[in-house]
1. What number of residues within the stretch A:9-60 are in a helix (DSSP H, G or I), in contact with a Ser or Thr (Cβ under 7 Å, 6 or more places away or on another chain) and among the aliphatic types (A, V, I, L, M)?
2. Tally up the residues in the stretch B:178-214 that are assigned to a helix (DSSP H, G or I) and either within 14 Å of B:A16 (Cβ to Cβ) or more than 8 Å from chain A (Cβ to nearest Cβ) (or both), please.
3. Within the stretch A:13-35, does at least one residue satisfy the condition of being more than 23 Å from A:A68 (Cβ to Cβ) and either surrounded by fewer than 17 Cβ atoms within 10 Å (Cβ to Cβ) or within 15 Å of the chain's Cα centre (by Cα) (or both)?
4. Can you tell me which residue is nearest to B:S184 (Cα to Cα) among those in the stretch A:1-60 that are more than 8 Å from every other protein chain (Cβ to nearest Cβ) and basic (K, R)?
5. Which condition from (1) surrounded by fewer than 14 Cβ atoms within 10 Å (Cβ to Cβ); (2) within 7 Å of another protein chain (Cβ to nearest Cβ); (3) of a type outside the set (D, E, K, R) is the one that A:T79 breaks?
6. How many residues, within the stretch B:105-150, are more than 9 Å from chain A (Cβ to nearest Cβ), over 20 Å from B:F186 (Cα atoms) and not in a loop (DSSP other than H, G, I, E, B)?
7. Could you list all residues from the stretch B:196-242 that are surrounded by fewer than 16 Cβ atoms within 10 Å (Cβ to Cβ), more than 19 Å from B:I107 (Cα to Cα) and either at pLDDT below 95 or hydroxyl-bearing (S, T, Y) (or both)?
Amino acid sequence: MNKKFIGVFLLALILAVVAGLFASSKPDGLEKVAQSMRFESKAVPSTAPFTDYLVKGITNPSASTVVAGIVGILLIFFTFKSISRSRHIGELIKNLFKIE
Amino acid sequence: MHIPNGFLDPKTSAGAAFAAAGVLGYCLSKVRQALSHAVPEAALVTAGNIATNITKRSKKIVSSMAENHLMKMAAVASLIFSAQMFNFPIDNGTSGHILGGIVAAIILGPFSGTLAISAILFYQSFFFADGGLTVLGANIFNMAVIGTFASYYIYYAINRLIKSKVGYFIGVFIASFFSVLLASVFCALELSISGTIPLSKVLPAMASIHARIGLAEAFLTILVLEFLSSINIEREGKVINE
């Protein structure tokens, strides 16, 4: 039952690799508007562990983005996965009361 | 369309954050309600006190249906995060990426979908500096509340109006187009309320770029939904939707 979800998770990882290799680095819609209307300079750069999807220390930009992307996917996947960790309790109830 | 720090003033950021928090709270309570009903109630009837204890300890998320739904959220949110990294060129010098709001809202239901997109925005802001921390509320408001939650009901209304496979496709197409467009309109509104740039200038510029990104979003949304349905990941049933 969960196999297809693992499949989608793996697909997300593959897509992160593809994105790292081929994604356009041109400014996005909002950045472009900010540039052409000259309010771009109001942006205050924020600090984060993987700013702009790059890992410090990996100099190759594609590889750096791939690694950052994979970290992001793992974070998101296990956030939701960890909420469902009560599996054994569900199993216990099912076995105890013969539900389903 | 992730707004960086500095583009919005504190009152606009705070206002958007309050509005977003209200909707997220509502979504959270709906999802919790939907996920905690199936098994515990049945178990309570048969088991009395013992089941009550088990339910309390497991914070009410106990059914295999709930576990399945959370795995689905984990998988779909991962996929959308990854897809958002993929910037495609829109024209010379501009790029866009999929938002995924309608994919999330249809596959996970509007409440879980909104939470999933919000979680993605949260991580993008905290770990990747994609969208400023002080404007996280505004980004969640634009892309999760408007681009996911509100836009889902465009799809819902069209689907009610035209009850066929064609209606479904039209609904998905129009809703995903407007999810991006409306999110950009709200982004423009926030920028002008903050006094960053007059609305008369920023609204046409934001809308025209994001209409093009929205068109790409519409085609990609249909593609992704068809792909997910081909591997038996279907639209969420009634329990999570209403």
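1. Final tally of qualifying residues: 5.
2. Counting residues in the stretch B:178-214 that are assigned to a helix (DSSP H, G or I) and either within 14 Å of B:A16 (Cβ to Cβ) or more than 8 Å from chain A (Cβ to nearest Cβ) (or both) gives 24.
3. yes
4. Checked the stretch A:1-60; the qualifying residue nearest to B:S184 (Cα to Cα) is A:R38.
5. (1)
6. 5
7. Within the stretch B:196-242, B:S200, B:S208 qualify.
One line per residue, one yes/no per condition, for (1) on the phi < 0 side of the Ramachandran plot; (2) without any contact (Cβ under 8 Å) to a residue 60 or more places away in the chain:
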residue: B:A138; (1), (2): yes, no
residue: B:A150; (1), (2): yes, yes
residue: B:I154; (1), (2): yes, yes
residue: B:C187; (1), (2): yes, no
residue: B:G195; (1), (2): no, no
residue: B:G214; (1), (2): yes, yes
residue: B:L223; (1), (2): yes, yes
residue: B:S229; (1), (2): yes, yes
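The values are calculated or read from the model by the stated rules, or taken from the named source; none is laboratory data. Owing to the predicted nature of the structure, the values given are computational and were not obtained by experimental measurement. Every residue, glycine among them, receives a Cβ derived from its backbone with ideal geometry; neighbour counts consider all protein chains shown.
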